[in-house]
Amino acid sequence: LSGTSMQRQRIQRLGRIIRNAEGKEYASLYYLHLEDTSEEARFLPAAEGSRIFDLKYLANTKSFLNPPYDKAAKALLDRMQALGAGTEMLAEATRCLELGRIRADWCAAKNDLDRRMSRAGNTGDRNYWICMKKLQD
């Protein structure tokens with residue numbers, strides 16, 4: 001996380017993030033900004049049409065809201081409960097969904113999510129990718 005008004009520094013950061021490295025499967029870059037500030041106008045002048053999602057930070061709970069994601073996550077948990085998922089399964093799904101709230105993994109192509117599920121190093125990671133895929137159903 002870094003703030004800068006220098007375009008060259010932003011380009012260098014992007015280059016470091018997307019550089020190939022052994023064992024590196026993918027990279028993510030998130031631009032966080034405050035609305036109605038000079039930062040928004042300077043760095044994201046045409047971002048309105050290309051935003052994947054807008055997060056809202058709730059200082060009192062130190063958490064984020066992501067309305068489209070939150071709606072899909074609630075629907076998934078409701079479906080699981082209706083299908084008779086137990087307490088442990090719902091708790092694990094909730095854990096995974098909390099992790100995904102500030103990421104765009106749920107927007108990935110299904111074949112990419114399948115690949116990530118098959119390459120997951122442990123059950124918790126695999127469950128995360130399963131939840132991200134199920135959000136698209």
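Some points to look at:
- Taking region 66-102 as the range and being among the acidic types (Asp, Glu), at pLDDT 95 or above and under 18 Å from Arg126 (Cβ atoms) as the test, the residues that pass are Glu88, Glu92.
- If the condition is being closer than 20 Å to Arg79 by Cα, over 12 Å from the mean Cα position of the chain (by Cα) and not aliphatic (A, V, I, L, M), then region 94-130 contributes Thr94, Arg95, Lys110, Arg126, Asn127.
- Residues in region 34-65 that are open to solvent by less than 50 Å² (accessible area, probe 1.4 Å), under 18 Å from the mean Cα position of the chain (by Cα) and modelled with pLDDT under 65: Ala47, Phe53.
The values are calculated or read from the model by the stated rules, or taken from the named source; none is laboratory data. Computed from a predicted structure; not experimentally measured. Because the Cβ atoms are built from the backbone with ideal geometry, glycine has one as well, and the counts that use them run over all protein chains shown. Keep in mind that these areas ignore ligands, DNA and RNA; they rest on the heavy atoms of the full protein, side chains included. Shrake-Rupley method; radii C 1.70, N 1.55, O 1.52, S 1.80 Å.
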